[in-house]
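For reference, the structure discussed in these notes is given below.
The values are calculated or read from the model by the stated rules, or taken from the named source; none is laboratory data. This structure is a prediction, so every number in the text was calculated from the model and none was measured. When we count neighbours, we look across all protein chains shown, and the Cβ atoms used for this are built from the backbone with ideal geometry, even at glycine. The protein model used for the area step is the full one, side chains on, heavy atoms only, and it has no ligands, DNA or RNA in it. Shrake-Rupley method; radii C 1.70, N 1.55, O 1.52, S 1.80 Å.
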Amino acid sequence: MLKRGLEGVIVAETAIGNVDGQRGQLLYRGYNAAKLAEMKSFEEVAFLLLYGELPTSEVLREFEAELKEKRVLPKSLETLMHSIPYSLPIMDALRTCISSLNSTATWPPTKAEAIQLIALFPTIIAFWVRHSKGEAVPTPDPTLSHVDHYFYLLTGGKPEPAQSAALTAYLVLTMEHGMNASTFAARVVSSTESDLPSAICGALGAMKGPLHGGAPTGVLQLLKDVQTASNDPEFVLRKKLDAGEKLMGFGHRVYKTYDPRAVALRNVLQKSGGDHHALQDAVHLEALITKLLAEYKPGRKLHVNVEYYAAAVMDALALDSDWFTPTFCVSRIVGWSAHVLEQAADNRIFRPSQTYVGSVR
């Protein structure tokens, strides 16, 4: 039976994560991802996805130290990046850099290789952003966490506590999300017994597509329109709804109820974003939009999704929209790596069938 896009077809068994669209639940290794985002660090959740359990305090310190050690850009990679034209889009530059690491990769892939990629992604992205602008990359700061260091490399400044909490929660909540296009691409490449960097390059190619990892430009435009008319945001929103416009960031193809990632992000912003007006504004705007959607589209149950809060966080942190998809990759590299390791542990090459609809001559 033909299933376009393999929709509804089960292609693997996994112990990594589970997306329950009917209940609005996302699990990482059996833990509620929303609760992890509110209570745990990026490093703790990354360790959980890679190793299957949360780390003890001592193990966590060792894992954090390993990430910090491997975040330093190798000289060979720095030389390569200087030779790439800065006109190259950032996702292409990232893919080129990762492919250059193939010479040291092995089969089956190892957790050490995965940790190196997780550590290097923020550094590569920040290096490219800064140098393409003719700016120097700040000197690495070993005192900063993985998330804070990424913000520091991009902006040159350390994040406020509210900013750090918001960015950490966002990155935790986007580490893993089932058999999405990029994760499937990584597992397909890995199933041929190709190396981990090659599998991640396949994932990056899929993530680059606007139907998967594209920046939520619609949400960013919505926020901009409302901010421009800050005296009466309800008037702006009603005008859009009266014109039949869709308010981006609400409704979800998988989740038939609240998107748990959006709810968790809102909770984090409410707890830690009190001193950051832009983060609080996003929470207040969500409440207003939800009220108006219930009025204009009764019975549709159009709830906020993670795309809305992802855009709100990026906007509040003053991160350029071009950095959205690469920043998504800073978190999703963890999920990709976990899936590749799982694929390698019980491998069978993917070889689906097709139906021939051409002529016979």
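Take the residues in the stretch 190-221 that are of a type in the set (Val, Ile, Thr) and surrounded by 22 or more Cβ atoms within 10 Å (Cβ to Cβ); name whichever of them is farthest from Cys329 (Cα to Cα). Steps first, please.
Filtering the stretch 190-221 for residues of a type in the set (Val, Ile, Thr) gives 192, 200, 217, 219.
Next, only the ones that are surrounded by 22 or more Cβ atoms within 10 Å (Cβ to Cβ) stay: 200, 219.
Numbers: Ile200: 10, Val219: 19 Å.
Here the residue is Val219.
Regarding the stretch 107-125, can at least one residue be identified that is surrounded by fewer than 21 Cβ atoms within 10 Å (Cβ to Cβ), out of contact with any helix residue (DSSP H, G or I) (no Cβ under 6 Å at 6 or more places or on another chain), modelled with pLDDT under 95 and assigned to a loop (DSSP other than H, G, I, E, B)? Yes, the conditions are met somewhere in the stretch 107-125.
In the stretch 36-68, how many residues are polar (S, T, N, Q) and open to solvent by 70 Å² or more (accessible area, probe 1.4 Å)? Break it down into steps so the answer makes sense when it comes.
Kept after step one, since they are polar (S, T, N, Q), are these residues of the stretch 36-68: 41, 56-57.
Still in the running and open to solvent by 70 Å² or more (accessible area, probe 1.4 Å): 56-57.
Qualifying residue count, the stretch 36-68: 2.
Is it the case that the stretch 222-243 has a residue that's on the phi > 0 side of the Ramachandran plot and open to solvent by 60 Å² or more (accessible area, probe 1.4 Å)? No, the stretch 222-243 contains no residue that is on the phi > 0 side of the Ramachandran plot and open to solvent by 60 Å² or more (accessible area, probe 1.4 Å).
So for the stretch 297-304 (the condition being without any contact (Cβ under 8 Å) to a residue 40 or more places away in the chain, closer than 21 Å to Gln22 by Cβ and surrounded by 12 or more Cβ atoms within 10 Å (Cβ to Cβ)), does at least one residue qualify? Yes, some residue in the stretch 297-304 is without any contact (Cβ under 8 Å) to a residue 40 or more places away in the chain, closer than 21 Å to Gln22 by Cβ and surrounded by 12 or more Cβ atoms within 10 Å (Cβ to Cβ).
Among the residues of the stretch 253-268, those that are open to solvent by 60 Å² or more (accessible area, probe 1.4 Å), of a type outside the set (A, V, I, L, M) and over 24 Å from Gln280 (Cβ atoms) comprise Arg253, Lys256. Does Ser353 satisfy being closer than 27 Å to Lys208 by Cα, over 22 Å from the mean Cα position of the chain (by Cα) and part of a loop (DSSP other than H, G, I, E, B)? So Ser353 fits the description; yes. Scanning the stretch 146-178 for residues that are assigned to a loop (DSSP other than H, G, I, E, B), surrounded by 18 or more Cβ atoms within 10 Å (Cβ to Cβ) and either touching a Lys or Arg at 6+ places or on another chain (Cβ under 9 Å) or of a type in the set (Lys, Arg) (or both) turns up Thr174, Met175, Glu176, His177.
Kindly check whether there is at least one residue in the stretch 94-102 that is in contact with a Phe, Trp or Tyr (Cβ under 6 Å, 6 or more places away or on another chain) and modelled with pLDDT under 95. Spell out the reasoning first.
Kept after step one, since they are in contact with a Phe, Trp or Tyr (Cβ under 6 Å, 6 or more places away or on another chain), are these residues of the stretch 94-102: none.
No.
For the stretch 13-31, the candidate set comprises residues that are out of contact with any Asp or Glu (no Cβ under 8 Å at 6 or more places or on another chain) and surrounded by 15 or more Cβ atoms within 10 Å (Cβ to Cβ); within that set, the residue that is modelled with the lowest pLDDT is Gly21.
Within the stretch 305-312, the presence of at least one residue that is within 16 Å of Gly251 (Cβ to Cβ), touching a residue at least 24 places away in the same chain (Cβ under 8 Å), open to solvent by less than 10 Å² (accessible area, probe 1.4 Å) and in contact with a strand residue (DSSP E or B) (Cβ under 9 Å, 6 or more places away or on another chain) is confirmed.
Got at least one residue in the stretch 37-47 being modelled with pLDDT of 95 or more, in contact with a Leu (Cβ under 9 Å, 6 or more places away or on another chain), among the charged types (D, E, K, R) and in a loop (DSSP other than H, G, I, E, B)? Yes - at least one qualifying residue is present in the stretch 37-47.
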